[in-house]
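Everything below concerns the one structure shown next.
The values are calculated or read from the model by the stated rules, or taken from the named source; none is laboratory data. Predicted model, so just to flag it, every value in this text is computed and none were measured. Here the Cβ positions follow ideal geometry from the backbone for every residue, glycine too, while neighbour counts run over all protein chains shown.
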Amino acid sequence: MRSLGKTRWSRSVGRAVSVGLCGAALAATALAAPGLAQAAPAASGGQSQRGGGWDLKDSGTDARFRGLAAVSRSTAWVAGAKGTVLRTSDGGRSWRNVSPPAAAELEFRDIEAFDDRRAVVLAIGEGEASRVFRTSDGGATWTESFRNTDPKAFYDCMTFFDRSHGLAMSDPVDGKYRILSTADGGRSWKVLPNDGMPAAQEGESGFAASGQCLVSSGSRDVWLATGGAARGRVLHSADRGRTWTATDAPIPAGDPARGVFGLAFRDRTHGIAVGGDYRADQPSPKAAATTG
């Protein structure tokens, strides 16, 4: 969503790691990997936050982080502003800057990682600002595997079904959401046909906040969250993005700042949607919904 380019979905505390995500990002951790949601013991030298089980760690950068991929209890990746990508291999005690070179002007909003060496990161924006980079050596080197050349497209989020198959989504182009597909772990991408995609509402788009507007569960199911229009919706595909059905979500909409921000599914039936109004001075009642 273009209007989210400068919104504050994250906050930084000095030079500390502070990943700001939609509520669905944390929900995704709890729903998909309960073991990862347990707080690790406090490390020596940290600034413990009472009752939270968290320590504040120096990241070495003042970039605002939007994307998080935790692949094990020891390894996690974060991505954010100024083309920044960090990786930890010791459970968050220390972070290494593994940003792609010459990416300082890009806004990374989504990162999908498979292990401590392989990750794919999405930069959002109009036209050529939307790009995908891939690494297979822990961030030592990166390859740009996709650069958007359509000025009408604006990519928001991506997701992977497994280590090979994944999708990325763009705000509507010519009245329909655009879906990008990879079958080789992000090495190459192609635009899928849109004949199975419902028409977008007037003003509808995705929220490029933390990579949670497009999520998957299992080998074929994927969901897309929308906002900015008369109704917030969740679109579902059971065939890896070829055909979609749309369902209205009971989350406040009717304004460019309102709608469904993010999703998380623990299986193809049980999921949670979060949203509301992203403006700091506006209330967000009934900002979460579940499906069974």
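Hey, can you tell me all the residues within region 249-289 that are β-branched (Val, Ile, Thr) and farther than 15 Å from residue 213 by Cα? Residue satisfying the conditions is 269 alone. The residue list 91, 67 contains one member that is on the phi > 0 side of the Ramachandran plot and touching a residue at least 12 places away in the same chain (Cβ under 8 Å), which is 91.
Scan region 134-144 for residues that are surrounded by fewer than 20 Cβ atoms within 10 Å (Cβ to Cβ) and of a type in the set (Gly, Ala, Ser) and jot them down. Correct list: 136, 138, 140.
Picking from residues in region 172-212 that are closer than 19 Å to residue 226 by Cβ and of a type in the set (Ser, Thr, Tyr), the one that is nearest to the chain's Cα centre (by Cα) is 210. Scanning region 94-133 for residues that are part of a strand (DSSP E or B) and either among the aromatic types (Phe, Trp, Tyr) or surrounded by fewer than 22 Cβ atoms within 10 Å (Cβ to Cβ) (or both) gives 96, 97, 108, 125, 126, 131, 133. With the condition kept exactly as written, say whether any residue in region 15-34 is buried (at least 17 other Cβ atoms within 10 Å of the Cβ), under 14 Å from the mean Cα position of the chain (by Cα) and modelled with pLDDT of 50 or more. No, region 15-34 contains no residue that is buried (at least 17 other Cβ atoms within 10 Å of the Cβ), under 14 Å from the mean Cα position of the chain (by Cα) and modelled with pLDDT of 50 or more. Scanning region 259-283 for residues that are surrounded by 20 or more Cβ atoms within 10 Å (Cβ to Cβ) and modelled with pLDDT of 95 or more yields 259, 260, 261, 262, 263, 264, 265, 271, 273, 274, 275. The C-beta contact set for region 195-221 (first residue farther than 30 Å from residue 163 by Cβ, second residue assigned to a loop (DSSP other than H, G, I, E, B) and of a type in the set (Lys, Arg), distance under 7 angstrom, 6+ apart or interchain) comprises 201/231. Restricted to region 145-190, and to residues there that are of a type in the set (Asp, Glu) and either surrounded by fewer than 20 Cβ atoms within 10 Å (Cβ to Cβ) or without any contact (Cβ under 8 Å) to a residue 12 or more places away in the chain (or both), the residue that is nearest to residue 208 (Cα to Cα) is 150.
For region 191-214: of the residues being touching a Gly at 6+ places or on another chain (Cβ under 8 Å) and under 16 Å from residue 249 (Cα atoms), which is surrounded by the fewest Cβ atoms within 10 Å (Cβ to Cβ)? By that ranking, first place goes to 200.
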